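Notes for the one structure printed next.
The values are calculated or read from the model by the stated rules, or taken from the named source; none is laboratory data. Everything numeric in this text was worked out from a predicted model, so none of it was measured. So basically every Cβ, Gly included, is an ideal-geometry build from the backbone, and we count neighbours across all protein chains shown.
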Amino acid sequence: GGWRALRRCASLPRAVRLRVREALGAREAADAVRVQGWVRSVRSQKEVLFLHINDGSSLEHLQVVANPSLENRVLTFGSAVEVQGKLVKSPHRKQNMELQAETIRVVGPCDIWSFPLKMKERHPLEYVRQFPHLRCRNNTLGSLLRIRSEATAAIHSFFQDNGYVHIHTPIITSNDCEGAGELFQIEASSEVRESAEKTHFFNVPAFLTVSGQLHLEVMAGAFTHVFTFGPTFRAENSQSRRHLAEFYMVEAELSFTESLQDIMQVMEDLFKTVTSTVLSRCPHDVELFHKYVAPAQKTKDRLEQILKNKFVTISYSEAVEILKQASQTFTFKPEWGCDLQTEHEKYLVKHCGEIPVFVINYPYDLKPFYMRDNEDGPQHTVAAVDLLVPGIGELCGGSLREERLPFLESRLQRLGLTDAYQWYLDLRKFGSVPHGGFGMGFERYLQYILGVDNIKDVIPFPRFSHSCLL
Ligand code: 4AD
């Protein structure tokens with residue numbers, strides 16, 4: 001979709017440049033075609049030389065058939081080439097078109113002896129992770145990054161089609177939205193500060209954002225429905241397979257909503273719409289994961305079921321009861337008032353049939369200051385929701401926000417944060433409305449729909465504790 005179809009090759013100018021995907025999808029033969037890319041395999045036979053080349057536009061490589069006289073010392077696996085010749089119907093059933101080379105120019109040779117990728121080898125994800133500057137030339141990462149690109153576009157379309165305004169929330173901020181203390185503090189170099197005679201470049205301590213939510217709340221007070229989708233930073237010390245220090249978060253904020261169900265409906269619609277779009281727009285790339293990377297997980301069948309059915313909802317209190325009655329023993333004993341641990345989340349999704357589960361109404365004392373008080377008791381809760389998914393745990397977190405000035409004021413006072421959040425309190429003084437929103441971890445989303453075990457394999461350049469390669 002969106003790619004120029006090759007309609008009448010005969011009428012195209014000489015040596016038209018085609019991407020691999022266009023060449024593979026061409027309906028007719030063409031006399032003079034030029035394709036550029038990287039050699040994925042070279043096979044030399046007595047009478048004929050076969051090359052497979054790929055330029056990142058498709059998972060499938062374009063087969064190039066050439067006279068062995070065109071072979072040369074630098075035409076190796078990994079080299080960058082430009083091939084000119086005739087695009088013809090391929091005699092092989094599996095491939096639509098192939099390129100009969102008239103000239104092959106090696107644009108950039110590749111030293112195969114020191115190149116860490118090897119021809120026709122299915123390198124494990126852990127192996128290619130060591131080479132973040134080269135792993136995108138591997139099939140698996142190639143597919144992943146194309147899927148990531150389609151999913152990004154689908155997320156933007158979902159919100160734009162539903163009347164949300166996209167907001168670029170700041171990366172540098174002076175607030176800690178989540179209050180979890182996982183902040184990266186940033187500062188100008190000492191030379192800059194000395195020359196300006198400043199302790200802090202911004203006069204106040206500044207941090208990389210942990211969430212765009214508070215800035216989105218500002219904008220929801222003018223545009224009603226807003227979203228942001230950008231990099232988010234958390235100084236997580238764990239080496240877990242679902243945490244990064246830099247990840248992408250999709251966040252939405254909706255004004256004039258009094259019901260947590262409305263927020264949950266948007267989460268569910270977002271998940272289902274984006275997933276259906278990705279499945280239909282990059283079927284081959286997705287198939288590579290479902291069939292070859294994580295076949296045991298049967299992700300494809302599970303996704304099909306999930307897209308057809310409604311997500312389940314349970315309350316936090318119900319969740320604790322389910323855990324208490326579980327036959328299995330947990331490292332962390334489930335108790336009302338304690339955070340749900342990964343082992344608990346896993347059990348809950350299993351208990352509910354390995355489908356996404358919304359857990360709502362968490363204890364007041366467990367959650368950040370901005371969540372709306374449910375005014376219940378003695379088990380005091382806030383209108384919070386987490387979406388748990390099999391294999392991952394928490395995929396989304398959201399809540400209704402405390403829009404009532406006295407409630408918010410007294411909570412901030414108890415935390416000693418009133419001065420820092422005057423502007424946030426202002427929003428409750430000047431046309432406050434019931435509102436709420438959520439954030440979805442983009443990498444966890446990709447992990448889930450593709451069945452990828454480690455979060456480091458679904459982001460182009462992973463950053464995590466003790467590692468900032470490149
Ligand atoms: O639950 P969280 O902390 O929610 C918020 O930050 C809210 N302010 C969002 C909002 O309501 N606008 O984070 C949201 C999601 C998590 O559910 C998880 O998927 C992801 O962000 N996430 C991470 N992903 C990768 N690495 C990490 N270190 C992550 N921390 C959170």
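Take the residues of segment 159-174 that are surrounded by 20 or more Cβ atoms within 10 Å (Cβ to Cβ) and not β-branched (Val, Ile, Thr): which is nearest to the chain's Cα centre (by Cα)?
Per the criteria, the residue is PHE159.
Residues GLU304, GLU258: which one is in a loop (DSSP other than H, G, I, E, B) and more than 13 Å from the ligand (Cβ to nearest atom)?
Of GLU304, GLU258, the one residue that is in a loop (DSSP other than H, G, I, E, B) and more than 13 Å from the ligand (Cβ to nearest atom) is GLU258.
Please work out which one of (1) aromatic (Phe, Trp, Tyr); (2) away from the ligand (no atom under 16 Å from the Cβ); (3) in a loop (DSSP other than H, G, I, E, B) is the condition PHE461 fails and give its number.
For PHE461, the failing item is (2).
Quick grid of which residues meet (1) closer than 21 Å to ARG234 by Cβ; (2) more than 9 Å from the ligand (Cβ to nearest atom); (3) assigned to a helix (DSSP H, G or I):
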| site | (1), (2), (3) |
| --- | --- |
| GLU394 | yes, no, no |
| GLU403 | no, yes, no |
| PRO406 | no, yes, yes |
| GLN413 | no, yes, yes |
| ALA420 | yes, yes, no |
| LEU425 | no, yes, yes |
| ARG428 | no, yes, yes |
| VAL433 | no, yes, no |
| GLY436 | no, no, no |
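Test of understanding: among GLU287, GLU335, GLU318, which residue is farther than 20 Å from PHE158 by Cβ, assigned by TED's automatic domain parsing to the domain that holds ILE360, of a type outside the set (A, V, I, L, M) and not in a helix (DSSP H, G or I)?
From the options GLU287, GLU335, GLU318, the qualifying one is GLU335.
Show the residue pairs that are 6+ apart or on different chains and have beta-carbon atoms under 6 Å apart, the first residue being within segment 323-337 and over 17 Å from LEU366 (Cβ atoms), the second being in a loop (DSSP other than H, G, I, E, B).
Listed by first residue and then by second, the contacts come to LYS324/PRO334.
Which residue out of HIS225, HIS215, HIS200 is crowded, with 19+ Cβ neighbours inside 10 Å and out of contact with any Phe, Trp or Tyr (no Cβ under 8 Å at 6 or more places or on another chain)?
HIS215
Step by step: first the residues of segment 215-225, then only those that are among the hydrophobic types (A, V, I, L, M, F, W, C) and under 14 Å from GLY398 (Cβ atoms), then the one that is farthest from the ligand (Cβ to nearest atom). Which residue is that?
This residue is ALA220.
In this structure, does HIS156 turn out to be away from the ligand (no atom under 16 Å from the Cβ), touching a residue at least 60 places away in the same chain (Cβ under 8 Å), loosely packed, with under 14 Cβ neighbours inside 10 Å and over 22 Å from LEU427 (Cβ atoms)?
no
Return the pairs, sorted by first residue and then second, in which the second residue is near the ligand (Cβ under 10 Å from one of its atoms) and charged (D, E, K, R), the first residue lies in segment 235-262 and is under 22 Å from GLU402 (Cα atoms), the beta carbons are less than 8 Å apart, and the residues are 6+ apart or on different chains.
Correct list of pairs: GLU253/GLU217.
If the requirement is being within 16 Å of the ligand (Cβ to nearest atom), outside any loop (DSSP other than H, G, I, E, B) and modelled with pLDDT of 95 or more, which of these qualifies: PHE369, PHE358?
When all the criteria are applied, what remains is PHE358.
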